[in-house]
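Reading through the structure tokens given below for one structure.
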Amino acid sequence: MKIEEYAEQELGLGRKVLQRNGIWWKELKTHYYIPLNRLRAFDRGESRPDRFRVLVGYEHLVSSPDQANSAYISMETNDKESYSLENFKKKRRYCIRRGLDELEMRKMEDFDEFLIEGYKLILVAYQRFDWPGSHQNILNRARFEKTLRRTFGLKGRYGYGAYYQGCLIGYLTVLEIEETVYVNQLITHTDYLRLYPSEALLYSFTREAFSQEGVERVAFGPECAKESLNRFKEAMGFKRVKYPMYRWVNPLLKPAIRLTRYRHYLNQQF
């Protein structure tokens, strides 16, 4: 979907979104903004949120390294023509084929299934990985249902599931913006890991995404602190792409920010 359609959706959902000089911005954390299309680059000073809204700061990708004071490392692939099984290593090909032989992959179009079975998978994943920090927005069933009811069926947003004998055993959530498809979440059930649902699901979806007209890139979040997850994405054909980025953090708040969840925004590493 076009960025204007996505902005309209976000505004309709009551989220903090604004437009300045042709660029749409959204609030990532309280008083901290990023572009609505995360991977869009533009010149430093071309657009920025109103200062009274960004009491903490903002960041965006820039058009050239000389404008940068930081970096954003994206896990992504733009290998539209060559993303195929023969280009994976032997072990990974086996995992993907095993999953494709045993599982059915398709878009999730049943709301009740997404609500009931999808939520069960979240609880299983939480127990499996012992996610750090607070995840109440995800783990609270009432909040999960409220969010799903408001977003289910909206253009460019959907779930893509892996099914074993008709049962949902894994899914990923998707956001399509202009030429980029963003994979936001990938969850699979621990009881079926022998079928390699994560590998088959991500491969199948990426192939399908690239088959759509206008799609040039599939992005699966930024490089994260969990290196095993980064390596999994790389094994699935995604690369670490380093983009020059400009980040502004309110200098008056920097001493306090070092003690909060915003502290990693002080790292300037380009």
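Considering only alpha-carbon pairs that sit under 8 angstrom and 6 or more positions apart, the relative contact order computed for the chain is 27 percent. Can you classify region 79-215 as rounded, prolate or oblate using the Cα gyration tensor, where a ≥ b ≥ c are the square roots of its eigenvalues, rounded means a/c under 1.5, and otherwise it's prolate if a/b beats b/c and oblate if not? Taking the square roots of the gyration eigenvalues as a ≥ b ≥ c, region 79-215 is oblate. If you run the Gaussian network model on the chain, springs between alpha carbon atoms under 10 Å, then out of GLU27, GLU199, GLU76 the most flexible one is GLU27. Subtracting the Cα-Cα distance of LYS155 and GLU213 from 0.36 nm times their residue separation leaves 19.3 nm of extension gain. Partners of LYS242 within straight-line reach, counting lysines whose Cα lies under 27 Å from its Cα and excluding those fewer than 8 residues away in the same chain: LYS2, LYS26, LYS29, LYS80, LYS89, LYS226, LYS233, LYS254.
If R0 is 30 Å, the Cβ-Cβ spacing of ARG194 and LEU148 corresponds to a FRET efficiency of close to 0.55.
Taking other Cβ atoms within 10 Å as a rough exposure proxy, ASP112, ASP43, ASP79 sort from fewest to most as ASP112, ASP43, ASP79. For GLN19 and CYS224, a Förster radius of 35 Å and the Cβ-Cβ distance give a FRET efficiency of 0.75, rounded to the nearest 0.05.
Laboratory data are not the source of any read-out in this text; all were calculated from the coordinates shown. Remember, predicted model here, so these are calculated numbers, not experimental data. Cβ: placed from backbone, ideal geometry, glycine included. Neighbour counts: every protein chain shown.
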